[in-house]
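Below you'll find the structure, written out as structure tokens, and then a few comments.
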Amino acid sequence: VSETKEVTRTINYVYADGSQASEPVIETKTFTRTGAKDAVTDEITWNAWSKGQEFGAVTSPVLKGYTADKAEVAAQNVTADSANIEVTVTYTKQAAAEVSETKEVTRTINYVYADGSQASEPVVETKTFTRTGTKDAVTDAITWGAWSSAQEFASVMSPQISGYWADRTSV
């Protein structure tokens with residue numbers, strides 16, 4: 001006569017709130033043994049179970065924006081006498097990352113004659129603004145803070161060109 005016994009290892013992947021993060025990994029090892037059954041008494045004399053087996057190491061899935069408490073579930077040796085095994089890998093959300101952004105605002109003052117040709121070199125001025133925000137590790141959504149404070153372009157006197165009058169003495 002013979003008999004079999006199964007030992008199962010279940011690896012559950014859950015978020016910190018207990019909800020399922022990824023499909024579980026279910027593995028089974030089967031052990032067998034044979035025996036001799038007495039024809040009169042029906043008493044069975046069993047031989048040893050088949051040799052021990054190993055559940056291999058399993059790398060935990062990578063979930064964007066989350067960190068697993070176990071990057072890998074280690075290999076485990078089991079025998080027919082081993083109980084079923086249940087392992088839980090818990091994922092916690094990663095902290096939001098700080099991000100920043102800059103924006104430039106440029107003012108160009110062109111000096112031209114009535115025919116459109118250049119009368120003097122232009123004046124080019126730039127102001128830079130910045131802001132920071134937080135980027136969600138899972139969704140990549142950014143929550144922005146306020147831009148840096150307002151800036152002002154100073155008054156610029158128009159150049160004087162002999163024989164010509166500017167339509168604006170300053171900008």
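The values are calculated or read from the model by the stated rules, or taken from the named source; none is laboratory data. All of these numbers come straight from a predicted model, not from anything done at the bench. A quick note on method: Cβ atoms are made from the backbone with ideal geometry, for glycine too, and the neighbour counts reach across all protein chains shown. Ligands, DNA and RNA are stripped out before the accessible areas are found, and what is left, the full protein with its side chains, is counted by its heavy atoms. Shrake-Rupley method; radii C 1.70, N 1.55, O 1.52, S 1.80 Å.
The table for this structure:
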| quantity | calculated |
| --- | --- |
| Å² per residue, accessible surface of the chain at 1.4 Å | 69 Å² |
| Proximal aspartates and glutamates to Lys127, defined as alpha-carbon separation beneath 19 angstrom and excluding residues fewer than eight positions away on the same chain | Glu101, Glu104, Glu152 |
| Around Thr106: net Lys/Arg minus Asp/Glu count, Cβ-Cβ under 13 Å | +1 |
| Overall Cα dimensions of the range 6-87 - principal axes, largest extent first, Å | 66, 21, 14 |
| Carbon plus sulfur fraction of accessible area for the range 12-171, probe 1.4 Å, in percent | 49 percent |
| Among Ser82, Ser19, Ala97 - extreme Cα towards positive end, dipole of the range 1-99, charges at beta-carbon | Ala97 |
| Mean shadow area of the range 81-171 over all directions, Cα convex hull, nm² | 11.0 nm² |
| Contact order normalised by residue count of the range 1-149, Cα under 8 Å, 6+ apart, percent | 20 percent |
| FRET efficiency, 1/(1 + (r/R0)^6) with R0 22 Å, evaluated for Ser50 and Ala75 via beta carbons | 0.75 |
| Residue range of the chain that is longest and free of chymotrypsin sites (Phe, Trp or Tyr not before Pro) which are both DSSP loop and sparsely packed (at most 16 other C-beta within 10 Å) | 50-112 |
| Candidate aspartates and glutamates - alpha carbon under 16 Å from Lys5, same-chain residues fewer than 8 apart omitted | Glu27, Glu54, Asp81 |
| Net length gained if the chain between Thr143 and Thr59 were fully extended (0.36 nm per residue, minus Cα distance) | 26.9 nm |
| Extreme residue, positive dipole direction of the chain, given options Ser149, Ile161, Val123 (C-beta unit charges) | Ile161 |
| Peptides 132-140, 34-42 ordered by average Cβ neighbours within 10 Å, highest first | 132-140, 34-42 |
| Option label - log10 I(q)/I(0) by the Debye sum over Cα atoms at q = 0.10, 0.12, 0.13, 0.17 Å⁻¹ computed here, alternatives (i) -0.53, -0.75, -0.86, -1.27; (ii) -0.43, -0.61, -0.71, -1.09; (iii) -0.70, -0.81, -0.86, -1.06 | (iii) |
| Spacing of the two label points (7 Å from each Cα toward its C-beta) at Glu3 and Ala39, in nm | 2.3 nm |
